[in-house]
Amino acid sequence: MTTHNELRLLPWSGPNGQPCYLSTENSGGYLSRLADNTEAQQLAVAAELGEHALEVLSDCRNWPNELRLLVTDMAGALRDVSRVAISRGHRLPPTAPPADEGGDEGPQLPAAAFD
């Protein structure tokens, strides 16, 4: 997945919360597979927390403690999912920008629309 000059952001942190990176040309290597599996687990946990959030919000009897725990767990899941998205985004192949067709910047509103 990564070329020899690119680093893969791994789905876990190092000491003191520092990001960890992997440099490899072998996307099927042990660490790459471990990172793929960890990312899949992190995404699954985030999905489960989303479902759990709906349940907690529908039952307000235990809100203070339940919400505190839920928000703490969701903040961690959001951090993990964000790291997965950044890592996968960096591994996407570069794309060429769309060709400029006539210099038009897209739909434009008349000045009167802003009055």
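Working only within segment 21-51, note down all residues that are open to solvent by 70 Å² or more (accessible area, probe 1.4 Å) and within 19 Å of Ala75 (Cβ to Cβ).
Across segment 21-51, the qualifying residues are Gln41, Val45, Glu48, Glu51.
Which of the residues that make up segment 14-42 are farther than 14 Å from Arg91 by Cβ and part of a helix (DSSP H, G or I)?
Answer for segment 14-42, where residues must be farther than 14 Å from Arg91 by Cβ and part of a helix (DSSP H, G or I): Pro15, Asn16, Gly17, Tyr30, Leu31, Arg33, Leu34, Asn37, Thr38, Ala40, Gln41, Gln42.
Within segment 75-86, is even one residue open to solvent by 90 Å² or more (accessible area, probe 1.4 Å) and modelled with pLDDT of 80 or more?
Initial filter on segment 75-86 (open to solvent by 90 Å² or more (accessible area, probe 1.4 Å)): 78-79.
Checking which are modelled with pLDDT of 80 or more leaves us with 78-79.
Yes - at least one qualifying residue is present in segment 75-86.
Condition test on Glu55, is it surrounded by fewer than 16 Cβ atoms within 10 Å (Cβ to Cβ), outside any helix (DSSP H, G or I) and either in contact (Cβ under 8 Å) with a residue 12 or more places away in the chain or among the charged types (D, E, K, R) (or both)? Write out each step before concluding.
Values: surrounded by fewer than 16 Cβ atoms within 10 Å (Cβ to Cβ): yes; outside any helix (DSSP H, G or I): no; either in contact (Cβ under 8 Å) with a residue 12 or more places away in the chain or among the charged types (D, E, K, R) (or both): yes.
Answer is no for this residue.
Condition (residue is open to solvent by 70 Å² or more (accessible area, probe 1.4 Å) and in contact with a strand residue (DSSP E or B) (Cβ under 7 Å, 6 or more places away or on another chain)) applied to segment 3-11: is it met by at least one residue?
Checked against the condition, which is being open to solvent by 70 Å² or more (accessible area, probe 1.4 Å) and in contact with a strand residue (DSSP E or B) (Cβ under 7 Å, 6 or more places away or on another chain), segment 3-11 yields at least one hit.
Under 7 Å by Cβ, and 6 or more places apart or on different chains, what pairs join a residue from segment 66-93 that is more than 19 Å from Glu51 (Cβ to Cβ) with one that is hydrophobic (A, V, I, L, M, F, W, C)?
Arg83/Leu9; Ile86/Leu9; Ser87/Leu9; His90/Leu9; Arg91/Met1
The values are calculated or read from the model by the stated rules, or taken from the named source; none is laboratory data. Since we're looking at a predicted model, the values are computed, not measured. Note that each Cβ is placed from the backbone with ideal geometry, even for glycine, and that neighbours are counted across all protein chains shown. When the accessible area is computed, the model is the full protein with side chains, heavy atoms only, and any ligands, DNA or RNA have been set aside. Shrake-Rupley method; radii C 1.70, N 1.55, O 1.52, S 1.80 Å.
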